[in-house]
1. Given the conditions (1) more than 26 Å from LYS26 (Cα to Cα); (2) in contact with a Cys (Cβ under 7 Å, 6 or more places away or on another chain), which single one is not true for THR368?
2. Of the residues SER379, SER414, only one is surrounded by fewer than 17 Cβ atoms within 10 Å (Cβ to Cβ) and polar (S, T, N, Q); which?
3. Enumerate the pairs (first residue in segment 224-236 and hydroxyl-bearing (Ser, Thr, Tyr); second residue anywhere and in a helix (DSSP H, G or I)) with beta-carbon separation below 6 Å, excluding pairs fewer than 6 apart on the same chain, so at least 6 apart or on different chains.
4. Filter segment 189-219 for residues that are crowded, with 19+ Cβ neighbours inside 10 Å and more than 14 Å from ALA249 (Cα to Cα) and give the result.
5. Before we move on, is ALA182 surrounded by fewer than 19 Cβ atoms within 10 Å (Cβ to Cβ), more than 21 Å from THR228 (Cα to Cα) and assigned by TED's automatic domain parsing to the domain that holds PHE248?
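The values are calculated or read from the model by the stated rules, or taken from the named source; none is laboratory data. Please read all numbers here as calculations on a predicted model, not as lab measurements. Virtual Cβ from ideal backbone geometry, glycine too; neighbours counted across all protein chains shown.
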Amino acid sequence: MDKVVTAILGGGQGSRLAPLTRYRAKPAVPVAGKFRLIDIPISNSLHAGIDRIYVLTQFNSASLHRHIAQSYRFDVFSSGFVNILAAEQSVSNRDWYQGTADAVRQNLPRLIYKRPSEVLVLSGDQLYLMALRSFVEWHRANLADLTVAVKAVPREQAHAFGVMKIDSQGQIIDFVEKPQDAAQIEQLVVPTQTLERLGFPPDPDQCLASMGIYVFKPAVLKALLDGTSATDFGHEVIPTAVPDLRVFAFGYSGYWRDIGTIPAFHHANLELTQSVPPLDLYSPTTPFYTHPRFLPGTKIDDCSVHHSVICEGSVVSGASVSNSIVGIRSMIREGTVIDSTVMMGANFYEWESDTPDTPLVGIGRNCTIRNAIIDLDSSIGDGVQLINEAGRDEVIEEDFAIRGGVIVVPRGSSIPNGTVI
């Protein structure tokens, strides 16, 4: 595995995650109370023994640079690294990344400079725990040029994915990106015995969907990208490779969520509050890594807490918290009710203010917050009601937004006392 290079795609503007991406790159968005999205693919790579990792990005990358520099420091006897490859002008190219494939093309000389055995391409906006070692070993065992990680999805969801047909050996013989025609989808429904061979339950009416996770032979990747105008792996590169190359599917039946939208991000976080969450954050053998902060334990005083995750360094006093994620250094004050909310916490403590009417960082007294996301370092004043009282679906304001019915308070925003949204 020390001969494999990982390329993590995080270069998109992240407009579907706005306003969480107003001041940061999408991979730098906090998740699960104490991590960043970028920690997920990096941790999966490190678990597999792959420690040469590049992160490809181009928008608002300052906080992502800082997080990676603070979190991933290898000792002097290791050749491992996690490096940012931000979009830049060169003699041969003066354009921004035009898509996933174009981002890899522009950085291909760096990715293959030390002659890796394989290039592993991961997405920067997914939540999952995958044995990437098994993925690479499957690729090698099949003598594949390219291997695509796949998940079984119901027929009615096939239109949202790249969907494929495979033969009895697991080789992909047809690939269609986001098919919309019902007859075409019908042709892509997988026989139950094929599902079983890939390790899936033999459910009827299932299709194989690409997860946007790939392993390439370096020479094959170079041949598919050099001298072409292809900008996207799913729309162009994979369909081009299927007829002429050995392209295989690797079945993955574990937890996987694409969290590229606000409702999907909100739902995936709240799934982690279940009594037995679908993603195991507590495994001693496959932990998610992040920046060590050395914070004190959480302090809870006279509270009611149900099915919630409350991260270290928080102080919760006289509040009711249910079905929620409460991030690091969160301050929640007396009489407040929080339900189905993702509170990302704070980068600092603020114990008092020189101006009495100025809300402190955290959530004030006697608030009700439901079905919301509160970004880092936000101040919610006393008596605030974040409940989407009018039932609106989409609203964009400076100090708040509603995306898919979920209220979002952007990073560093201040909601005055008594506000009702």
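1. The single condition THR368 does not satisfy is (2).
2. Working: SER379 fails: surrounded by fewer than 17 Cβ atoms within 10 Å (Cβ to Cβ).
Only one candidate passes the filter, namely SER414.
3. THR231/ALA101; THR231/ASP102
4. Correct list: GLN206, LYS217.
5. In short, yes.
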